[in-house]
Structure formats: structure tokens, C-alpha cells
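Enquirer: Next up is a structure, given as C-alpha cells.
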């Protein structure tokens, strides 16, 4: 998966800011040596300095490789110049099973090792959250039991912070590869006798095949369970979104003059919940208000949120998911939709009447995306116009303007997405031709 420029830096910037707000000068990291905790340890050391980080490695003694893993973790921490505490013991499975016993053993070690008011960072991520939801569901948990793992929580005499909850496993893999990290692969992760592994390898891939994007929908259900609508919010969800939710899930910034700051923050809360996005802290909501809502209508501000950003376009704001870099264009086809990384899906469809059509006899048809300086005369216009201005006229959002598929014949611009056709390439009346189909479901690849 590749992301738009600056994704990793933006996440790291937010991570550093979050650590600063926790008010601690030293941080502990639960470090198994696997991918997730290896990345978290790296980020913590870079954010606050390795001298302010202590890794805690719990040797459960379950795997025959457990002692080797402990040694590898010590070597990594030595290279990072951060402290590590290794604790070992015997995990005794009881009625709740091996997984639960190992978890209880870890938390027992944390309780014994952590000083008063310590902050412990754990590397749970979005896939963990979704898996936990399904596991609890299968065990018959009620609404309270199905609630999300909290990103920040108090435990005994210390605090837990889970900064990776908004990121998927694949995002962590990409980030770790970007940083050229190495990590331990625990062979027990392939053991299908363990409920979580069975769910991860056998069940959830079927969900992904049938319902792509199911994680985000499950996350929304968890969020609704975790943050029910409160009478303390001066603006209810229904009231907040009435006449303000656009067809493409944007929030229209209309008639806000009579709203207090608290009401606008409640409006943001209601909007993010309605579109299935993570509701951030009040400080982050305030940042969205200050830097995006209060921005000039012609500005292009953004505030990071999860695996995307809040952006403004004209009189509305949007949550925009991080998009893949634009890849090589597919061949032009009139048979089926062709995927195009960073653009969506494209095809030509044959039409004979009732709509503007591209001539069917054009040679060397191929796709491109916008560069700079293109001009084109759309059907019905009196003269050629700069493509940049035309995209503005057609209200194409700024973050999509370099992702619109453009059909060329040789070096001649024929059509711009499904927006318009160049007049010189219009099919004659009664002549069969083509039109462009563009599904701009731009998602990370």
C-alpha cells in the first residue's frame, strides 16, 4: 500500500503531540518483538528519545523459541539504546484457555513492574479491535462487553495508551517496511486451534471477499456502542445533520453563525459518527474547528484524522481517506471496468443515442492523468479553456484533480473523465460512439 505524500510524517507528528499531552517524561512499551510492538517501540524512541523509553518483554515460556525471542528483543533495544526489562514465568492455562491465561500473565507483570503513574504504550491496532469484537460477540457479550478497547485508559496504578488503534495491520506493515524494520514472526500466529487465529485466517478473509471495507463498518458499530448519543450534547445528531450532510458525506458549513463553539464541536462529533469515522479527542475537534472550519473558503487546509484527513472544499468539509499513488494506467477497454491504482475504475461503454458520445474510429486510445497546461474545448463551449479552470468549474475537489482519468487519442485530449468530451472528437448524430465510465472509489491499493 502506498499513501499520498506525507502520510507517515503526519501520523508521527500527531503521535508525538499525543505523547506530549500525556504529561509524562518517560514511557514504557509492551514489546513482544513482533511487527506491531516493534513499530511502536521505534516510534516511541524517535518521538521522545530512547533514553526516555523502557521496553517490557514478557517471556511466556510457551514457544520453544521464547528464550531466543527475548534475546533478540534485548539486541534490538541495545541497538536503539533504550532500556529493556525482561520478565519470565510459566503460563498455566485454566478454564478460560491459553490465550486468556497468557494475557493475564502479561498484565500481572505490568502491574508488578510499572511505577506509580507510569504510561504504558501497547500496540493494539484496528484489526485487533475488530477481531476482539467478533470474539466477544461469539461469546454472547452484551452491549457493554462489545465496546471498544479504549485508546487511553487507567489500569491499577498506571495508564494504558494505544496509539495505533486507528491503523490497520496492513498500514503497520507498510509503515514498518518504510522504516526498514525487522521483527519476530511468532509461529503460534498460524495455530488455528486458537480462536483469534481461526477468526483471522479462516473467517474474516471471507468477510473481506463478500463485504470489502467491513472493518470500517464494524468500527462504526463499536463506536456507536462506546459513545451513545448523550443529552449533554447541546446539538442532537438529527438536528445537527439536518440540511447539512451532503450527498457525498460532506458537512455543509451553512448557518453556523448562531452556534456556540461547543455546539459546533458537537456538530462535528455528530457528523463524524454519522459517516462512520473515529471521533477524536476534544482537542482534535477543536483543531478541526480552528484550522479547517474557520479557514477562508478558498483555502485548502487539512487536519489528520485516522487514516485520512479532514479537508475543506468551498462551503463544506470532508473526511478524505488516504489515497494510493497514481499507478500505471490500464489498457482502454469497452468490456469491463479496469482498476487503476489511485484513480478508481475506468472503461468505455458503447452508446448509440441520447447522450454525448466519443467517435468510435479514433486510433491509439490510452489513459493519462492531468499534468499542467492542458487546454480543451468541451462540447458546447465557444472556445478552449485551461483544464485547471474547467475542473474548478465542474466542482471537482482539489484532491481529485490530478486523479481524473483523461482519454487521449495519440497526443490529442479526447475526454476528461465522465465530465465532458472535446468537441472535435464528438460522434456525429446517429453515429454509435463511446462514453467514459469512471468510478472514482479511490482507495489505497
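The values are calculated or read from the model by the stated rules, or taken from the named source; none is laboratory data. None of the values given here were measured: they were computed from a predicted structure. Every residue, glycine among them, receives a Cβ derived from its backbone with ideal geometry; neighbour counts consider all protein chains shown.
Enquirer: Give the number of residues within the stretch 282-302 that are within 21 Å of residue 21 (Cβ to Cβ) and loosely packed, with under 15 Cβ neighbours inside 10 Å.
Expert: Selection size over the stretch 282-302: 3.
Enquirer: In the stretch 1-41, what count of residues is obtained for those that are in a loop (DSSP other than H, G, I, E, B) and at pLDDT 95 or above?
Expert: 2
Enquirer: Let me ask something additional. Has the stretch 313-327 got any residue that is free of Cβ contacts under 8 Å to residues at least 60 places away in the same chain and either within 30 Å of residue 420 (Cα to Cα) or surrounded by 13 or more Cβ atoms within 10 Å (Cβ to Cβ) (or both)?
Expert: no
Enquirer: Suppose we filter 362, 387 for residues that are in contact with a helix residue (DSSP H, G or I) (Cβ under 8 Å, 6 or more places away or on another chain) and farther than 30 Å from residue 171 by Cα; which single one remains?
Expert: Numbers: 387 fails: in contact with a helix residue (DSSP H, G or I) (Cβ under 8 Å, 6 or more places away or on another chain).
Matching residue, one of 362, 387: 362.
Enquirer: Take the residues in the stretch 57-69 that are within 19 Å of residue 114 (Cα to Cα) and surrounded by fewer than 23 Cβ atoms within 10 Å (Cβ to Cβ), then tell me which one is modelled with the highest pLDDT.
Expert: First, pick out the residues of the stretch 57-69 that are within 19 Å of residue 114 (Cα to Cα): 57-60.
With surrounded by fewer than 23 Cβ atoms within 10 Å (Cβ to Cβ) added as a condition, the list becomes 59-60.
Values: 59: 88, 60: 78.
Out of the qualifying residues, it is 59.
Enquirer: Does residue 362 satisfy the condition of being in a strand (DSSP E or B) and either modelled with pLDDT of 90 or more or under 22 Å from residue 300 (Cβ atoms) (or both)?
Expert: Against the criterion (in a strand (DSSP E or B) and either modelled with pLDDT of 90 or more or under 22 Å from residue 300 (Cβ atoms) (or both)), residue 362 does not qualify.
Enquirer: Can you list the helices (runs of 4 or more DSSP H) found entirely within the stretch 96-181 that contain at least 1 residues being in contact with a helix residue (DSSP H, G or I) (Cβ under 7 Å, 6 or more places away or on another chain), modelled with pLDDT under 85 and surrounded by 13 or more Cβ atoms within 10 Å (Cβ to Cβ)?
Expert: Because the criterion is at least 1 residues that are in contact with a helix residue (DSSP H, G or I) (Cβ under 7 Å, 6 or more places away or on another chain), modelled with pLDDT under 85 and surrounded by 13 or more Cβ atoms within 10 Å (Cβ to Cβ), the helices (runs of 4 or more DSSP H) in the stretch 96-181 that meet it are 98-113, 126-138.
Enquirer: Taking the conditions exactly as written (surrounded by 13 or more Cβ atoms within 10 Å (Cβ to Cβ) and at pLDDT below 85), does residue 90 satisfy them or not?
Expert: When the stated conditions are applied, residue 90 does not pass them.
Enquirer: For the structure I just gave you, tell me whether residue 70 is closer than 24 Å to residue 171 by Cβ and either in contact with a helix residue (DSSP H, G or I) (Cβ under 9 Å, 6 or more places away or on another chain) or not in a loop (DSSP other than H, G, I, E, B) (or both). Don't jump to the end; show me each part of the working.
Expert: Numbers: closer than 24 Å to residue 171 by Cβ: no; either in contact with a helix residue (DSSP H, G or I) (Cβ under 9 Å, 6 or more places away or on another chain) or not in a loop (DSSP other than H, G, I, E, B) (or both): yes.
In short, no.
Enquirer: So which residues in the stretch 253-271 are buried (at least 16 other Cβ atoms within 10 Å of the Cβ) and within 14 Å of residue 316 (Cβ to Cβ)?
Expert: 253, 267, 268, 271
Enquirer: Please list, ordered by first then second residue, the pairs with beta carbon atoms under 6 Å, 6 or more apart or interchain, first in the stretch 359-376 and free of Cβ contacts under 8 Å to residues at least 40 places away in the same chain, second assigned to a loop (DSSP other than H, G, I, E, B) and surrounded by 10 or more Cβ atoms within 10 Å (Cβ to Cβ).
Expert: 370/402; 375/384
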